[in-house]
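The values are calculated or read from the model by the stated rules, or taken from the named source; none is laboratory data. Note that the structure is predicted; figures quoted are calculated from it, not measured. Because the Cβ atoms are built from the backbone with ideal geometry, glycine has one as well, and the counts that use them run over all protein chains shown.
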Amino acid sequence: MTAITVLPERYSVCRLAADAEIPAWAMKGPFTSLTRTPDELSLVCSKANLPADLRCEPGWRILRLEGPFAFDQIGVLLGVLAPLAQAGVSVFTLSTYDTDYVFVKEALLARACAALKEAGHDLEPDYPQKVV
């Protein structure tokens, strides 16, 4: 099974115009993800850094799958997402070169962690934990 780390910070997923400049505030904090498409600039960043007038979906927590995982390794993300789906936990995911990140709403974090433990995954730190 997969080792998973529950990151302590709260995050928001934000939408800016496709041609928006990358804001400096988005680059602060321990985790930032930027994705530009023809339709939008999507940002994932610490809730602490957000201006008030931004279109955002706040209240996300991150479950980091402890990689690195080879690109030809099959089913890693599915092994985490299937128990979450069975537990009724909606997710938002991001992948990097080395690993995957699964975002769950903070209100569902305890349910998500319980489902993952029941499926045999190792979680660190053990939930509940201090939230910043």
* Structure fact -> Selection from the range 60-78 of residues within 16 Å of the chain's Cα centre (by Cα) and closer than 16 Å to Ala3 by Cα yields Ile62, Leu63, Arg64, Leu65, Glu66, Gly67, Val76, Leu77, Leu78
* Asked: Quick check: is even one residue across the range 43-62 modelled with pLDDT of 90 or more, farther than 26 Å from Arg111 by Cβ and either touching a Ser or Thr at 6+ places or on another chain (Cβ under 6 Å) or buried (at least 18 other Cβ atoms within 10 Å of the Cβ) (or both)?
  -> yes
* **Enumeration of residues in the range 102-127 that are at pLDDT 95 or above, under 14 Å from Leu65 (Cβ atoms) and assigned to a strand (DSSP E or B)** => Val102, Phe103, Val104
* To do: Please enumerate the residues belonging to the range 79-92 that are surrounded by 14 or more Cβ atoms within 10 Å (Cβ to Cβ) and within 15 Å of the chain's Cα centre (by Cα).
  => Val80, Leu81, Leu84, Val89, Val91, Phe92
* Asked: If a residue has to be among the β-branched types (Val, Ile, Thr), closer than 20 Å to Phe103 by Cβ and in a loop (DSSP other than H, G, I, E, B) to count, how many in the range 17-40 make the cut?
  -> 2
* **Given (1) modelled with pLDDT of 95 or more; (2) in contact with a strand residue (DSSP E or B) (Cβ under 6 Å, 6 or more places away or on another chain); (3) in a helix (DSSP H, G or I), number of the condition Leu77 does not satisfy** => (1)
* **Residues that are β-branched (Val, Ile, Thr) and touching a Ser or Thr at 6+ places or on another chain (Cβ under 9 Å), drawn from the range 66-109** => Val76, Val80, Thr96, Val102, Val104
* Every pair of residues 6+ apart whose Cβ atoms lie under 8 Å, when the first sits in the range 39-59 and is basic (Lys, Arg) while the second is crowded, with 18+ Cβ neighbours inside 10 Å and in a helix (DSSP H, G or I) -> none
* Quick check: anything in the range 81-93 touching a residue at least 60 places away in the same chain (Cβ under 8 Å) and assigned to a loop (DSSP other than H, G, I, E, B)? -> no
